[in-house]
1. I need the full set of residues from the stretch 90-121 which are in contact (Cβ under 8 Å) with a residue 12 or more places away in the chain and either touching an Asp or Glu at 6+ places or on another chain (Cβ under 6 Å) or open to solvent by 60 Å² or more (accessible area, probe 1.4 Å) (or both), in order please.
2. Return the residues of the stretch 71-89 that are within 16 Å of the chain's Cα centre (by Cα) and open to solvent by 50 Å² or more (accessible area, probe 1.4 Å); say none if nothing qualifies.
3. Determine the pairs where a residue that is open to solvent by less than 40 Å² (accessible area, probe 1.4 Å), located within the stretch 52-70, has a partner that is assigned to a helix (DSSP H, G or I) with Cβ atoms under 7 Å apart, the partner being 6 or more residues away or on another chain.
4. Cβ contacts < 6 Å: first residue among the polar types (S, T, N, Q), restricted to the stretch 23-51; second residue open to solvent by less than 80 Å² (accessible area, probe 1.4 Å), any location; separation 6+ or different chain. Result?
5. Can you tell which of Arg138, Arg144, Arg164, Arg133 is charged (D, E, K, R), out of contact with any Leu (no Cβ under 9 Å at 6 or more places or on another chain) and in contact (Cβ under 8 Å) with a residue 12 or more places away in the chain?
6. For residues in the stretch 157-180 being open to solvent by 80 Å² or more (accessible area, probe 1.4 Å) and within 24 Å of the chain's Cα centre (by Cα), which is modelled with the highest pLDDT?
7. Would you please name the residue that is nearest to Trp179 (Cα to Cα), looking only at residues in the stretch 142-156 that are more than 20 Å from the chain's Cα centre (by Cα) and open to solvent by 50 Å² or more (accessible area, probe 1.4 Å)?
8. Quick check on Val15: is it among the aliphatic types (A, V, I, L, M), at pLDDT below 95 and either within 16 Å of the chain's Cα centre (by Cα) or in a loop (DSSP other than H, G, I, E, B) (or both)?
Amino acid sequence: MRILFVTSNRIGDAVLSTGLLDRLIALHPDARITIACGRVAEGVFARMPNRSRTIILDKRKLSLHWLGLWAEVARTRWDLVVDIRGSALAFLLRARRRAVLRRRPGPKIAELAALLGYDPPPLPVAWIGAEDRALAGRLLPADRPVLMLAPSANWAPKTWPAERFAALFTALTQGPAAWPALRGAAAAVIAGPG
């Protein structure tokens, strides 16, 4: 089975799409998946099982990046094209099945799950390798849980104030309302390129 998965240019939405991909991999363990994503999101999929290749989608004037992507994938007959960008690309390719994002109210993760009719929405995953585990072992405490906080965004209206991250961390890890699995957790602040 050949799957083309057109995902986000940005890390946040790309991460949200990983649950959808993980479910597809579980349902089609022999599938070969081509990922089309933005340059900053490429690393999200670097260790994904069943990935045959990644096509970097650098935005160009007049939306010419879509023409470039079409030229790279048009010769393949796809079993499934999933486009979380909501473009017309899927309709310009030979495909047995197409799933193209249509905006709907509610959380982004539910919007993505609706593409393939998944309910409840699959949660995001992180595919990691031995070198990732080794690095984490050097940087993170092994004796307690770690809560990752990603306080950055690609544009200011999506950026949450630092004090809200601090309050969320405190609420999740301390006091009577803390999640038992996170009680006493360490904080790790992460960010992507730029």
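The values are calculated or read from the model by the stated rules, or taken from the named source; none is laboratory data. Note that this is a predicted model, so its numbers are computed, not measured. Here the Cβ is made from the backbone with ideal geometry for all residues, glycine too, and neighbour counts use every protein chain on show. Areas reflect the complete protein model, heavy atoms only, side chains present, ligands, DNA and RNA absent. Shrake-Rupley method; radii C 1.70, N 1.55, O 1.52, S 1.80 Å.
1. Ala90, Leu92, Arg94, Arg96, Arg97, Arg98, Val100, Arg102, Arg103, Pro107
2. Filtering the stretch 71-89 for residues within 16 Å of the chain's Cα centre (by Cα) gives 82-86.
If the condition is that a residue be within 16 Å of the chain's Cα centre (by Cα) and open to solvent by 50 Å² or more (accessible area, probe 1.4 Å), then Arg85 is the only one that fits.
3. Thr54/Glu42; Thr54/Phe45; Ile55/Leu69; Ile55/Glu72; Leu57/His65; Leu57/Leu69; Leu69/Leu89
4. Thr34/Leu4; Thr34/Ser52; Asn50/Ile25; Asn50/Ala31; Asn50/Ile33
5. Unique residue meeting the criteria: Arg144.
6. Only one residue fits best here, namely Arg164.
7. Among those that are more than 20 Å from the chain's Cα centre (by Cα) and open to solvent by 50 Å² or more (accessible area, probe 1.4 Å), it is Arg144.
8. On the way: among the aliphatic types (A, V, I, L, M): yes; at pLDDT below 95: yes; either within 16 Å of the chain's Cα centre (by Cα) or in a loop (DSSP other than H, G, I, E, B) (or both): yes.
When the stated conditions are applied, Val15 passes them.
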